[in-house]
1. Which semi-axes, in whole Å and largest first, does the equivalent ellipsoid of chain A have when worked out from the alpha carbon gyration tensor as the square roots of 5 times its eigenvalues?
2. Cβ under 13 Å from A:Arg63's Cβ, A:Arg63 left aside: what net charge do those residues give with Lys, Arg +1 and Asp, Glu -1?
3. Report the convex hull volume per residue for chain B, counting only C-alpha atoms, in Å³.
4. Within 13 Å, Cβ to Cβ, of A:His10, how many net charges do the neighbouring residues add up to if Lys/Arg are +1 and Asp/Glu are -1?
5. Can you put A:Leu43, A:Leu110, A:Leu11 in order of Cβ neighbours within 10 angstrom, beginning with the fewest?
6. Determine the dipole magnitude for region B:1-106: charges of +1 sit on the beta-carbon of Lys and Arg, -1 on that of Asp and Glu, nothing else is charged, the reference point is the Cα centre, and the result goes in debye to the nearest 20.
7. Restricting to the protein assembly as shown, what percent of DSSP beta bridges are antiparallel, rounded to 5?
8. For the pair A:Ile60 and A:Asp1, how long in nm is the line joining their label points, each one 7 Å along Cα→Cβ?
Amino acid sequence: DSGVTQTPKHLITATGQRVTLRCSPRSGDLSVYWYQQSLDQGLQFLIQYYNGEERAKGNILERFSAQQFPDLHSELNLSSLELGDSALYFCASSVFRGSGELFFGEGSRLTVL
Amino acid sequence: AQRVTQPEKLLSVFKGAPVELKCNYSYSGSPELFWYVQYSRQRLQLLLRHISRESIKGFTADLNKGETSFHLKKPFAQEEDSAMYYCALSGQDNYGQNFVFGPGTRLSVLP
């Protein structure tokens, strides 16, 4: 158990819908990262937050948004869903300052039908 | 700019054969390098990091600053090593620590 919790584990929805994925980082970790992993693809970095503020942005679509709340949990919002959005979405957390590893959650598997 | 490359998308070896997964990086400072492994669509988990200089599950990796490489090696591959392997770099910039992942190499160990 990495200490990073993601919900829901599985989600099936239809095109055009909106979903919210939730991530609770490890206790004490201030930085949260979101990654997308499509079938047989590598990790695509979406966005990173540090202590509530957006720190870095990757290949995140405009239909997607995220935020980190004062209690440090984060939510990734995916709207106007398309079939191609079906993927495994990982959240990871780290201490941020100093050196350290990245701890990953189990991921949320999104299926868009 | 920070960048991590893994030239092989797929690497297939037979059980008992040596395996080497290549990783090269570009970074202007002193990076920290990691190897992460992902089994059967599970979460990514840390395999090893260069500062610990330890062997995990028979795997080792040496940081070669001259060649800017951090190749992962195992002398005798096992079927249970079949997984996706990601090389990652952690560096520091004006905003603190950040992570960059390579595209990953899928290792398939054949019986």
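1. Square roots of five times the eigenvalues give 23, 14, 13 Å.
2. Result for the neighbourhood of A:Arg63: -2.
3. 98
4. Here the count lands on +2.
5. Details: A:Leu43 25, A:Leu110 21, A:Leu11 17.
Ascending Cβ contact count within 10 Å gives the list A:Leu11, A:Leu110, A:Leu43.
6. Value, rounded to 20: 180 debye.
7. 90
8. 2.8
The numbers here are math on the coordinates, done by the rules we state, and not lab data. This structure is a prediction, so every number in the text was calculated from the model and none was measured. For neighbour counting, all protein chains shown are included, and Cβ atoms are generated from backbone atoms with ideal geometry for every residue, glycine included.
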